[in-house]
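Have a look at the structure below, then the notes.
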Amino acid sequence: MSKIYNFSAGPATLPEEVLRQAQIDLLDYQHSGLSILEMTHRSKGFQQIADQAEADLREVLSIPADYSVLFLAGGGRTQFAMVPMNLAAENPKMAYAETGIWSELAIQEARIYGEVTIAASSKANKHTRLPAATDWQIPKDAAYLHYTDNETVHGLEFPSPPESQGLPLVSDMSSNLLSRPVDISRYGIIYACAQKNLGPAGITIVIIRNELLARKPFDFTPNMLRYANQAADKSLYNTPPTFPWYVAGLMFQWVKKSGGVEKFAELNRLKSSQLYDVIDESAFYINPVDPAGRSRMNVVFTLANPDLTPQFLQEAQKHGLYNLKGHRAVGGIRASIYNAMPQAGVDALIAFMRDFEKRFT
Ligand code: PMP
């Protein structure tokens, strides 16, 4: 393997052993003579892959029996539409927390289907501080409360879920699912696109409490976008993205083998705090996020002298540290350090940051 570290926010770095297994199965899946790419989703072989992926995900996240697990196409943004389409038809009033670009986009989409109340917002502080628990105003009659567990662009993450006042809690965990244990029973729906912490782009995980499958969707909801249809057909309503589904399954096995989400919670805490320490100890690097809401997945920072940013990025790349450029909406630097980013990658980034600071102070 080449010696670069990929800090991309997604599609993101994958563990070498997962890529090697995929490489083997790409040519000949378990001595079947078929490539994994050539297997029909209606075959026994693929059904085994799908069943194993679901069983492993249920095990790693301790998903209770009264929840369904769906493997869908369309990425995170299709969920921005599926959630209101499926949950809000009979009561088109929805409550959303606004904590960054991804929740803003979810809100924009939900407004197509009904009335959105902003239950809490961090807009006034440019999404650098989570709304205080006392600042939430949740309409009791809303169909659900939606929030984004980790704002990938701003590096703002909820340390624990907000109180939903009895409403079904819907969470976008696209950029932090499997990074720590989650008490699934607190949620109505958790969804996550795979290309950050769960595998390659193309598959999206939805964990949904079964009682919500009984809600009547808007009449115009396409069959493909009805949770109940997908659950009834075990996510095989149409031809699913079989390869990303299979790689996500390899990722779940890798998480299990590596010590589970408890272990990753520990590693992620350590990796991110090391980076935040380097930033906080210097006047050269700045992270504006309140420590209580700092993301363990996406560490964002700027240089006190922003003119040095292009040079920082260029030199970082020469040192094998790739894709550190911040999101186009906010600029600066972003180091995405999901489960598959090894400690050695973070060590290399820290060494580079210290050296760069020394040379340009
Ligand atoms: N939600 C979050 C938190 C994200 O980070 C992203 C992608 N960056 C999305 C949703 C959208 O996912 P997709 O590109 O798969 O639609």
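The values are calculated or read from the model by the stated rules, or taken from the named source; none is laboratory data. What you see is a predicted model, and the numbers here were worked out from it, not measured in a lab. Counting neighbours? That spans all protein chains shown, and the Cβs are built from the backbone with ideal geometry, glycine included. When the accessible area is computed, the model is the full protein with side chains, heavy atoms only, and any ligands, DNA or RNA have been set aside. Shrake-Rupley method; radii C 1.70, N 1.55, O 1.52, S 1.80 Å.
Would a scan of the stretch 321-335 turn up a residue that is in contact (Cβ under 8 Å) with a residue 60 or more places away in the chain, open to solvent by less than 20 Å² (accessible area, probe 1.4 Å) and part of a helix (DSSP H, G or I)?
No, the stretch 321-335 contains no residue that is in contact (Cβ under 8 Å) with a residue 60 or more places away in the chain, open to solvent by less than 20 Å² (accessible area, probe 1.4 Å) and part of a helix (DSSP H, G or I).
Return yes or no: is Y285 buried (at least 20 other Cβ atoms within 10 Å of the Cβ), more than 24 Å from the chain's Cα centre (by Cα), under 23 Å from E151 (Cα atoms) and not hydrophobic (A, V, I, L, M, F, W, C)? Spell out how you get there, then give the answer.
Numbers: buried (at least 20 other Cβ atoms within 10 Å of the Cβ): yes; more than 24 Å from the chain's Cα centre (by Cα): yes; under 23 Å from E151 (Cα atoms): yes; not hydrophobic (A, V, I, L, M, F, W, C): yes.
Considered against the rule, which asks whether it is buried (at least 20 other Cβ atoms within 10 Å of the Cβ), more than 24 Å from the chain's Cα centre (by Cα), under 23 Å from E151 (Cα atoms) and not hydrophobic (A, V, I, L, M, F, W, C), Y285 comes out as yes.
With L72, L87, L61 as the choices, which residue is open to solvent by less than 50 Å² (accessible area, probe 1.4 Å), at pLDDT 95 or above and under 22 Å from H41 (Cα atoms)?
None of the other options fit; the residue is L72.
Among the residues of the stretch 213-258, count how many are assigned to a helix (DSSP H, G or I) and touching a residue at least 12 places away in the same chain (Cβ under 8 Å). Step through it out loud before you land on a result.
Step one: list which residues in the stretch 213-258 are assigned to a helix (DSSP H, G or I), which gives 213-214, 223-225, 227-232, 242-257.
If we keep only those that are touching a residue at least 12 places away in the same chain (Cβ under 8 Å) as well, we get 213-214, 223-225, 227-228, 230-231, 242-256.
Qualifying residue count for the region: 24.
Of the numbered conditions (1) in a helix (DSSP H, G or I); (2) more than 18 Å from Q230 (Cα to Cα); (3) away from the ligand (no atom under 16 Å from the Cβ), N91 fails exactly one; give the number of that condition.
(1)
Give the stretch 94-114 a look and list any residue that's away from the ligand (no atom under 11 Å from the Cβ) and either in contact with a Ser or Thr (Cβ under 6 Å, 6 or more places away or on another chain) or open to solvent by less than 10 Å² (accessible area, probe 1.4 Å) (or both), or say none.
Selection gives M94, A95, Y96, A97, E98, I107, A110.
Considering only residues that are open to solvent by less than 60 Å² (accessible area, probe 1.4 Å) and part of a helix (DSSP H, G or I), which ones fall in the stretch 24-42?
D25, Y29, I36
Pairs under 6 Å by beta carbon, first residue closer than 19 Å to E104 by Cβ in the stretch 69-84, partner at pLDDT 95 or above and in a helix (DSSP H, G or I), six or more apart or different chains?
Hits for this filter: F80/A106; F80/E109; A81/E109; M82/L225; P84/A110.
Tell me which of these W245 doesn't satisfy, since it passes every other one: (1) in contact with a Pro (Cβ under 6 Å, 6 or more places away or on another chain); (2) open to solvent by less than 40 Å² (accessible area, probe 1.4 Å); (3) not hydroxyl-bearing (S, T, Y).
(1)
Out of (1) loosely packed, with under 13 Cβ neighbours inside 10 Å; (2) farther than 14 Å from P342 by Cα; (3) of a type outside the set (S, T, Y), the odd one out for Q47 is which?
That leaves (1) as the condition not met.
Anything in the stretch 43-82 that is farther than 18 Å from L178 by Cβ, within 16 Å of the ligand (Cβ to nearest atom) and in a helix (DSSP H, G or I)? List them, or say none.
R77, T78, F80, A81, M82
Out of curiosity, is N339 outside any loop (DSSP other than H, G, I, E, B) and either open to solvent by less than 40 Å² (accessible area, probe 1.4 Å) or touching a strand residue (DSSP E or B) at 6+ places or on another chain (Cβ under 9 Å) (or both)?
no
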